[in-house]
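Where a number appears in this text, it was derived from the coordinates with a stated rule and is not lab data. This is a predicted model, so every value here is computed, not measured. Cβ placement follows ideal geometry from the backbone for every residue including glycine, while neighbour counts extend to all protein chains displayed.
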Amino acid sequence: MSKYEITYKCGHKKTIELFGKMSERENKIKWLEQQDCNDCKRLAGKNQKGKDLVGLPDLTGSDKQIDFALQIRLKFVKDIRELELNMPDNAKNSVEAWLSSKTESNWWINNRCNNAKELLVINYAEIRG
Ligand SMILES: [Zn+2]
């Protein structure tokens, strides 16, 4: 049994223990170095889930924040897309571009108490500057 420091593809380093034959350990290390670490894999998986549902970019923040923010965003986006049905195309496109620009989990968490209409008011205010 030995400990090895692995540098994953994502750049994170982790110390792991490996057992067994030397050649098998070396193969395992090589394979691991071509993978993202488990934390990054999990995060990517979560963001993937959110993206499939709403077609918006990945969120940034801690694991916990992203989890929470994706739920909030999902709820808002469903409501906003219903409101979009009554909007002219240019307004709809600008709302979608604005939604895509909100990639910080914190923004969604801070706005979670608003409803979809209130969010659109914030959108208009930001666009007008
Ligand atoms: Zn990583």
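Residues that are in contact with a Lys or Arg (Cβ under 8 Å, 6 or more places away or on another chain), loosely packed, with under 14 Cβ neighbours inside 10 Å and polar (S, T, N, Q): does segment 88-105 have at least one?
Looking for residues that are in contact with a Lys or Arg (Cβ under 8 Å, 6 or more places away or on another chain), loosely packed, with under 14 Cβ neighbours inside 10 Å and polar (S, T, N, Q), one finds none in segment 88-105, hence no.
Report, ordered by the first and then the second residue, all pairs with beta carbons closer than 7 Å, sequence separation of six or more or different chains, a first member in segment 23-40 that is under 14 Å from residue 2 (Cβ atoms), and a second member that is away from the ligand (no atom under 11 Å from the Cβ).
Correct list of pairs: 25/18; 28/18; 29/4.
State all residues of segment 4-32 that are more than 12 Å from the ligand (Cβ to nearest atom) and under 28 Å from residue 62 (Cα atoms); if no residue qualifies, say none.
4, 5, 15, 16, 17, 29, 31, listed by residue number.
Hey, does segment 34-54 have a residue that's of a type in the set (A, V, I, L, M, F, W, C), away from the ligand (no atom under 16 Å from the Cβ) and within 30 Å of residue 11 (Cα to Cα)?
yes
Quick one: which of 127, 72 is in contact with a Ser or Thr (Cβ under 7 Å, 6 or more places away or on another chain) and part of a helix (DSSP H, G or I)?
Values: 72 fails: in contact with a Ser or Thr (Cβ under 7 Å, 6 or more places away or on another chain).
Just one listed residue meets the conditions, 127.
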